[in-house]
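K.L.:
First the structure, then my questions, so here it is.
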Amino acid sequence: MATAPTVQLRSGAHLPLLGLGTWPLNDDEAADAVSLAIETGYRLIDTAENYRNEKGVGEGIRRSGVPREELFITTKFNREHHSVDGVRRAFEASARLLGLEYVDLLLVHWPNPDQGRHVEAVQGIAALMEQGLVRAVGTSNYKPAHLQQVMDAGIVPDVNQIQLDPRRPRIEERAFHNEHGIVTESWSPLGPGSGLLQDPGVVSIAEAHGITPAQVVLRWHVQQGMVAIPKSADPERLAQNLDIFDLELSGAELARLYLLDTGEAEIVDSDGFGH
């Protein structure tokens, strides 16, 4: 059974380049999808406190029968936990729901800069990592300015998870990440609701390779070193999404996908939105 190749994080942990996103699945749906995904070959599973499905994700992990050390489990916590003690409480609640002793990557879900504790939230994750409860430190939806404040406090996150797809390629953010050794992880990598998979340019590349438009877009992510976490509960699509590591997009095809950039208009602004 094929599994995704990995990228080594600053912490030393190995993060698979492709994983399963679980929003907006409920507990029962998540249990089924996670179990099926792991059986299909997925080793990265992404959930969050705010998804309200960590219990289901944990059930899917147990149901799969795959040893814990072979999996990479990610979760995130909400704004009310943005303190060192709060992060510990959030971790304990998530670990209990997941049925796990540790998580591989814990992320601050949104910076919520209005409350001014987005640096302390990351410090809380770093404290858990020192105790072996977390294997990597993550942020989600942090802008370069937010990340710089974290780095000024002496911590460089392993991962920053941001909204990213060919229509929203986030070139400046990725350049900042690359400069500082932060891995970029893409949420909503297939641009749901944007018409991306129906775009004639994407469809023509798919036809040229004999693959699906979704496979083209996911290959665009991973071929450039980004980690993608598409959500699917469909057995066929789960298998297709993972089956992208034996194909190569040409430089011209990558460039063609960059022409789909629609600018900043459809990007959720993390200075104003967050939970």
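The values are calculated or read from the model by the stated rules, or taken from the named source; none is laboratory data. Computed from a prediction, not measured in an experiment: that's the story for all the values here. Neighbour counts are summed over all protein chains in view; Cβ atoms, including those assigned to glycine, are modelled from backbone coordinates with ideal geometry. Areas reflect the complete protein model, heavy atoms only, side chains present, ligands, DNA and RNA absent. Shrake-Rupley method; radii C 1.70, N 1.55, O 1.52, S 1.80 Å.
K.L.:
Which numbered condition trips up Ala206, out of (1) open to solvent by 10 Å² or more (accessible area, probe 1.4 Å); (2) touching a Pro at 6+ places or on another chain (Cβ under 6 Å); (3) without any contact (Cβ under 8 Å) to a residue 24 or more places away in the chain; (4) hydrophobic (A, V, I, L, M, F, W, C)?
P.N.:
It fails just one condition, (1).
One line per residue, one yes/no per condition, for (1) among the basic types (Lys, Arg); (2) surrounded by fewer than 16 Cβ atoms within 10 Å (Cβ to Cβ); (3) at positive phi; (4) within 17 Å of the chain's Cα centre (by Cα):
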position: Leu197; (1), (2), (3), (4): no, no, no, no
position: Thr212; (1), (2), (3), (4): no, no, no, no
position: Gly225; (1), (2), (3), (4): no, yes, yes, yes
position: Lys231; (1), (2), (3), (4): yes, no, no, yes
position: Pro235; (1), (2), (3), (4): no, yes, no, no
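K.L.:
Something else about it: Scan segment 41-60 residue by residue and report those that are surrounded by fewer than 20 Cβ atoms within 10 Å (Cβ to Cβ) and under 20 Å from Gln240 (Cα atoms).
P.N.:
Across segment 41-60, the qualifying residue is only Gly41.
K.L.:
Could you list, in sequence order, all residues of segment 15-33 that are within 15 Å of the chain's Cα centre (by Cα) and open to solvent by less than 40 Å² (accessible area, probe 1.4 Å)?
P.N.:
Initially, segment 15-33 is screened for residues within 15 Å of the chain's Cα centre (by Cα), giving 15-24.
Once the filter is applied, which keeps residues that are within 15 Å of the chain's Cα centre (by Cα) and open to solvent by less than 40 Å² (accessible area, probe 1.4 Å), segment 15-33 yields Leu15, Pro16, Leu17, Leu18, Gly19, Leu20, Gly21, Thr22.
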